Amino acid sequence: MTRSVWKGPFVDGYLLRKAEASRSSGRHEMIRIWSRRSTILPQFVGLNFGVYNGQKHIPVLVNEEMVGHKFGEFEPTRMFYGHSSDRKAKRIGAPAAPGAAPAAPAAAAPATS
């Protein structure tokens, strides 16, 4: 369910203060934020935010197409490295040495009668 229109977009108060201070100072340094739930406002366009993903702050440069979205949408918190069964299947079917060519089938011995 979406947020009511009459309430307006949700933005943490400290985030508005930090963005205003950064814009007035004229410096282009990263604003570190933890509020992934805050909505991106038109005032944030052109600013560089460091969105926390649970481990570190990932830089996100806000442009006009991001307005109306949440900060958390632009930095995933989980990394998918693949299924373990896929790695196991690759390991079983792989050659013994990395980069080595697969072994050729043995030549058929001539039939003796």
Quick check on region 1-39: of everything there that is touching a residue at least 24 places away in the same chain (Cβ under 8 Å) and among the basic types (Lys, Arg), which residue is least open to solvent (accessible area, probe 1.4 Å)? Arg36
Quick check: is even one residue across region 59-80 touching a strand residue (DSSP E or B) at 6+ places or on another chain (Cβ under 8 Å), loosely packed, with under 12 Cβ neighbours inside 10 Å and in contact (Cβ under 8 Å) with a residue 40 or more places away in the chain? yes
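The values are calculated or read from the model by the stated rules, or taken from the named source; none is laboratory data. Not measured: the values here are computed from a predicted model. Note: ideal-geometry Cβ built from the backbone for every residue, glycine included; neighbour counts use all protein chains shown. Just so you know, the surface numbers come from the protein's heavy atoms only, side chains and all, with ligands and any DNA or RNA stripped out. Shrake-Rupley method; radii C 1.70, N 1.55, O 1.52, S 1.80 Å.
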